[in-house]
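First the structure, in the form of structure tokens, and then the observations on it.
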Amino acid sequence: QVQLVESGGGLVQPGGSLRLSCAASVISFSSSLMGWYRQAPGKQRDLVTLITSTGNTNYADSVKGRFIISKDNAKNTVYLQMNSLKPEDTAVYYCHANSLGSRYWGQGTQVTVSS
């Protein structure tokens, strides 16, 4: 069974940093399209960033220059390094995988940016 397990969320002050991790048990992780989405209260779930099987990345304009996605194929893990965090980054962050044409979601991890 496919599982995506996120960790690393929490409370951080504006300007601070957090690193999220997503441990994935998916078929052919190295060839999967992995990504992070986020959903703030009362809003839709939006794409934050993607990383392809070849390591190409794509970012939402709101996080460009502040967030970095990476992956370790040996550990079947994708990371999201979040720097210069802003209160508007507050949301539940979800790991996403597109593996062999099927889509999977993690349970989400809360990130709160507040002083």
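Within the bounds of region 33-42, is there any residue that is of a type in the set (S, T, N, Q), in contact with a strand residue (DSSP E or B) (Cβ under 6 Å, 6 or more places away or on another chain) and surrounded by 14 or more Cβ atoms within 10 Å (Cβ to Cβ)?
Yes, the conditions are met somewhere in region 33-42.
Report whether or not Gln110 is open to solvent by 50 Å² or more (accessible area, probe 1.4 Å), part of a strand (DSSP E or B) and over 16 Å from Gln13 (Cβ atoms).
Criteria not met by Gln110.
Six or more apart or on different chains, Cβ atoms under 8 Å: show the pairs whose first residue is in region 76-90 and in contact (Cβ under 8 Å) with a residue 60 or more places away in the chain and at positive phi and whose second is open to solvent by 40 Å² or more (accessible area, probe 1.4 Å) and of a type in the set (S, T, N, Q).
Taking only residues 6 or more apart or on different chains, the pairs are Ser84/Ser17.
Condition check: buried (at least 16 other Cβ atoms within 10 Å of the Cβ) and in contact with a strand residue (DSSP E or B) (Cβ under 7 Å, 6 or more places away or on another chain). Does Trp105 satisfy that?
Values: buried (at least 16 other Cβ atoms within 10 Å of the Cβ): no; in contact with a strand residue (DSSP E or B) (Cβ under 7 Å, 6 or more places away or on another chain): yes.
No, not satisfied.
So for region 65-80 (the condition being modelled with pLDDT under 95, of a type in the set (A, V, I, L, M, F, W, C) and over 15 Å from the mean Cα position of the chain (by Cα)), does at least one residue qualify?
Within region 65-80 (the criterion being modelled with pLDDT under 95, of a type in the set (A, V, I, L, M, F, W, C) and over 15 Å from the mean Cα position of the chain (by Cα)), the answer is yes, since at least one residue qualifies.
Name the single residue, out of those in region 80-98 being in contact with a Leu (Cβ under 8 Å, 6 or more places away or on another chain) and buried (at least 18 other Cβ atoms within 10 Å of the Cβ), that is farthest from Gly10 (Cα to Cα).
Ala97
From Thr52, Thr90, grab the single residue that is under 16 Å from Leu20 (Cβ atoms) and hydroxyl-bearing (Ser, Thr, Tyr).
Thr90
The values are calculated or read from the model by the stated rules, or taken from the named source; none is laboratory data. Everything numeric here is computed off the predicted structure, so don't read it as measured data. Cβ atoms come from the backbone with ideal geometry, glycine included; neighbour counts cover every protein chain shown. With ligands, DNA and RNA removed, areas are computed over all heavy atoms of the protein, side chains included. Shrake-Rupley method; radii C 1.70, N 1.55, O 1.52, S 1.80 Å.
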